[in-house]
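The values are calculated or read from the model by the stated rules, or taken from the named source; none is laboratory data. Predicted, not measured: the structure shown is a model, and the values here were computed from it. All Cβ positions, even for glycine, are placed from backbone atoms using ideal geometry, and neighbour counts span all protein chains on display.
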Amino acid sequence: MDDRVEDVARLADQAGVALLHVGPDMLITLANDAAHQLLGKRPGALMQRSVMEAFVDHRVEEAILRGAAPGSGAIEVDGPAGRLLQIRLRPDGTRAGARWVLVEDVTELRRLQRIRTEFIDNLSHELRTPLTSIRLLTERLSDEMAALELPERVRDRVANIDVETGHLVQMVSELLDLSRIEQGATTLHLDDVPPLELLEATMARVRTFADRADVTLAVAEPTEPVPSIRGDRERLGQLLLNLLHNAVKFSLPGGTVRAAAGVNIDHVVLSVQDEGIGIARADQARIFERFYKTDRARGRSQGGTGLGLSIARHIAEAHGGSIRVESEEGHGSTFFVTLPAAGGPVSRAG
Ligand code: ADP
């Protein structure tokens, strides 16, 4: 036995971290006490056993063979006694094909996340009914006021109530959307979606908003054939709408927002680029969190809930895709969404 491996496993035990070391032959060279405990095995029972025996889930074996877990880099498997275990892999830099496997009990974390999501879901439902009434009453009040002699400030106040209620209604409906997507309650209706058609159709939905903001919208001509996306047309439309809406909202008058579709191996990459205020480096990692708004965005008065990008990220990930941003403050931002192409791999032209 490699002394170094034993030392690391012992150290991990002291830190309460469950750790296994797997050789290139898929046999467990070493598992510390914490790992035995989490996997419900007697001390020492995992030594020289196969990965399949330890985790009883083929995804762990596949990920070790491939050298990495898919997507976010973690796999969740059912453990003993109804526990939920999260598995992460790290290469053992000193031995080719050998891996460290970290195991973490995420049962409680997932339970709390579920409670939070259910709470938001219930709350949004409860808020929706009275809000809808307030909205209708405000509209009726505005209509009735039209025929009356009233000071301008009274009209302004009612108009403000209408605008703010609109924001609240939007926030509640985005919260509901987000909690449904998070719970996996929205099943995706998969279809072959032509990307350019999707871009054009979604742009049409923000055209009035863009005209009002004096922002030009353009779809770039693709330089190579782009396959269809395997995805849910409505959800993808919602994702793009959020990106385009933001792009216009954070543009300066006279600016242009460009959308494009391209190919990357077996994925379609959609991009939305603006020439607007940009996003500081420190904010770039956080804008996909729910309710996160940059200070500069708070200073602008276009409203917004801070939920749009969080929803966009969930939709991309529900498709097995991803979203990222490139931006420089004062020089605009580009959002890239990578989504699976329909019909498997396509070769890159050129
Ligand atoms: P919001 O409803 O506030 O737009 P989002 O989740 O869509 O919520 O965006 C979160 C924050 O990210 C925004 O408040 C803004 O600070 C920043 N942001 C998003 N898109 C852009 C963009 N195209 N340019 C500059 N900042 C942006």
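Leu307: at pLDDT 95 or above, within 14 Å of the ligand (Cβ to nearest atom) and under 21 Å from Val169 (Cα atoms), yes or no? Steps first, answer last, please.
Values: at pLDDT 95 or above: no; within 14 Å of the ligand (Cβ to nearest atom): yes; under 21 Å from Val169 (Cα atoms): yes.
When the stated conditions are applied, Leu307 does not pass them.
Each row is one residue, and each column tells you yes or no for (1) under 23 Å from Gly332 (Cα atoms); (2) within 13 Å of the ligand (Cβ to nearest atom); (3) among the aromatic types (Phe, Trp, Tyr).
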| residue | (1), (2), (3) |
| --- | --- |
| Val215 | yes, yes, no |
| Glu221 | yes, no, no |
| Ser228 | no, no, no |
| Arg233 | no, no, no |
| His245 | yes, yes, no |
| Ser251 | yes, yes, no |
| Val257 | yes, yes, no |
| Asp266 | no, no, no |
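Can you confirm whether Gly262 is small (Gly, Ala, Ser) and more than 9 Å from the ligand (Cβ to nearest atom)? Before the answer, list the steps.
Working: small (Gly, Ala, Ser): yes; more than 9 Å from the ligand (Cβ to nearest atom): yes.
For Gly262, the condition - small (Gly, Ala, Ser) and more than 9 Å from the ligand (Cβ to nearest atom) - is met.
Testing Arg49 on (1) of a type in the set (Lys, Arg); (2) over 16 Å from Ala9 (Cβ atoms); (3) at pLDDT 90 or above, one condition comes back false. Which one is that?
Going through the list (1) of a type in the set (Lys, Arg); (2) over 16 Å from Ala9 (Cβ atoms); (3) at pLDDT 90 or above, Arg49 breaks only (2).
In this structure, does Val269 turn out to be of a type in the set (Val, Ile, Thr) and assigned to a strand (DSSP E or B)? Before the answer, list the steps.
Working: of a type in the set (Val, Ile, Thr): yes; assigned to a strand (DSSP E or B): yes.
Yes, satisfied.
Every residue, every condition in (1) without any contact (Cβ under 8 Å) to a residue 60 or more places away in the chain; (2) touching a strand residue (DSSP E or B) at 6+ places or on another chain (Cβ under 9 Å), yes or no:
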site	(1), (2)
Arg88	yes, yes
Gly93	yes, no
Ala96	no, no
Val163	no, no
Leu199	no, yes
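Mind checking whether some residue in the stretch 53-69 is outside any helix (DSSP H, G or I), in contact with a helix residue (DSSP H, G or I) (Cβ under 7 Å, 6 or more places away or on another chain) and either hydroxyl-bearing (Ser, Thr, Tyr) or crowded, with 18+ Cβ neighbours inside 10 Å (or both)? Before the answer, list the steps.
In the first step, residues of the stretch 53-69 are kept if they are outside any helix (DSSP H, G or I); the result is 56-57, 67-69.
From the residues that got through so far, the ones that are in contact with a helix residue (DSSP H, G or I) (Cβ under 7 Å, 6 or more places away or on another chain) too are 69.
Keeping just the survivors that are either hydroxyl-bearing (Ser, Thr, Tyr) or crowded, with 18+ Cβ neighbours inside 10 Å (or both) gives 69.
Within the stretch 53-69 (the criterion being outside any helix (DSSP H, G or I), in contact with a helix residue (DSSP H, G or I) (Cβ under 7 Å, 6 or more places away or on another chain) and either hydroxyl-bearing (Ser, Thr, Tyr) or crowded, with 18+ Cβ neighbours inside 10 Å (or both)), the answer is yes, since at least one residue qualifies.
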